[in-house]
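The values are calculated or read from the model by the stated rules, or taken from the named source; none is laboratory data. Computed from a predicted structure; not experimentally measured. Reconstructed Cβ throughout: ideal geometry from the backbone, glycine too, with neighbour counts over all protein chains shown.
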Amino acid sequence: MRVRGLSQDPVVVVGSPRSGTSWLMRLLARQPGHCAIFEPLHARWWPKAREAGFGNRPTTGSDRKRAYLRRIFKGLEARQSIRRPRWSRSVGANPGRLFWGTARRLLAVRLVVKFVSACRLLPWIVEEFPGYRYVYLVRSPYAVVSSQLSRGASSYLDNRARPFDYLNEAKQPASATTELCERIRADAEEVLDGDIVQEIYSLEGCLTLSWYADNLVAQHASQSEAVITVRYENLLVNTSAELDRIHAHVGGRSSSSVTSESKDPGRQLHKWRGQLENHQIESIRETLHSLETAHESLEEWDMSGETRRLRDDRTFEGDDEIDDRS
């Protein structure tokens, strides 16, 4: 829907795919007078994003991209579905959801705009729209890769009808995984120079590469006063306190009713340990070590702390060989 009468600048939520950005978007959109826009750079869901030149992982801006984002931030761009609209069972079972959702958008004075495809474009966006408030969410690469392996990497699959099957190697031919890895490496080459990118072949290694490239660029923008960095793990454990910190940055007041959107910290923090195989954990660790050695460390994510936790928890065999430098 078109959102009219916006009187406040938007809150922009950015993070790598499967980092918890959707959850944070919902938490922030619970504020009175707020409503959310979901992934407006996704070319399959927003055809005009493709027309403006946005791809899987854009790294450079242009006049067309600036104009499109300006319309998004002002609430002037309507989403036009490519496919024929279908009646949702959830809406049919709860028509009040449709009514109140419509009312929130019509009465909204501020948008919460969330997208994962903007990580590598964040420095340019902050420079072009300096008056806005940005929330950069970063999550452990082990958890991110685990979630992508189980749920899919839909932001890389804008032309796929069923993206969640794409990473299920039991249902897909080997060529599908090869294609995904090639796309990830090609996009990463726009950010990272060097042969190390082409030396990463495993699926979990390529997904780690994507996470690294996303956050490497995003952390450069995080030095701006307009950007606040939030660790997913901190938000999970101290939801109310982190929301207070975020609202102090973006303006507004924390909602007292966050319990309905809260997650179980114990389950979420350690879920990936039961989903990843030992060799996958080792592959992620080695890929991160190689990338940081060849390029630069990610200051926004405590690599050595994660490594110590892996050693202490005895997550995989051979962990005595891990050193804090990785």
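Can we say Arg79 is modelled with pLDDT under 70 and in contact with a Phe, Trp or Tyr (Cβ under 8 Å, 6 or more places away or on another chain)? Break it down into steps so the answer makes sense when it comes.
Numbers: modelled with pLDDT under 70: yes; in contact with a Phe, Trp or Tyr (Cβ under 8 Å, 6 or more places away or on another chain): yes.
So Arg79 passes the test.
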Pairs, first on the phi > 0 side of the Ramachandran plot in the stretch 35-53, second buried (at least 22 other Cβ atoms within 10 Å of the Cβ), C-beta under 6 Å, six or more apart: Glu39/Phe115
Looking at the stretch 218-238 only, could you name the residues that are over 18 Å from the mean Cα position of the chain (by Cα) and not aliphatic (A, V, I, L, M)? Gln223, Ser224, Glu225, Asn238
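Filter the stretch 1-37 down to the residues that are part of a loop (DSSP other than H, G, I, E, B) and either assigned by TED's automatic domain parsing to the domain that holds Gln268 or under 15 Å from the mean Cα position of the chain (by Cα) (or both) and list them by number. Walk me through it before giving the result.
Residues of the stretch 1-37 that are part of a loop (DSSP other than H, G, I, E, B), as a first pass: 1-10, 16-20, 30-33.
Answer for the stretch 1-37, where residues must be part of a loop (DSSP other than H, G, I, E, B) and either assigned by TED's automatic domain parsing to the domain that holds Gln268 or under 15 Å from the mean Cα position of the chain (by Cα) (or both): Ser16, Pro17, Arg18, Ser19, Gly20.
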Name every residue in the stretch 227-248 that is out of contact with any helix residue (DSSP H, G or I) (no Cβ under 6 Å at 6 or more places or on another chain) and either assigned to a helix (DSSP H, G or I) or more than 17 Å from Val14 (Cα to Cα) (or both), in order of residue number. Tyr232, Glu233, Asn238, Thr239, Ser240, Ala241, Leu243, Asp244, Arg245, Ile246, His247, Ala248
Could you tell me which of the residues Leu24, Leu98 is surrounded by 13 or more Cβ atoms within 10 Å (Cβ to Cβ) and either within 26 Å of Ile246 (Cα to Cα) or modelled with pLDDT of 85 or more (or both)? Leu24
Checking Pro40 against (1) surrounded by 22 or more Cβ atoms within 10 Å (Cβ to Cβ); (2) at pLDDT below 90; (3) within 16 Å of the chain's Cα centre (by Cα), which test does it fail? (2)
Inside the stretch 209-255, can you point out the residues that are more than 30 Å from Asp193 (Cα to Cα) and small (Gly, Ala, Ser)? Ser240, Ala241, Ala248, Gly251, Gly252, Ser254, Ser255
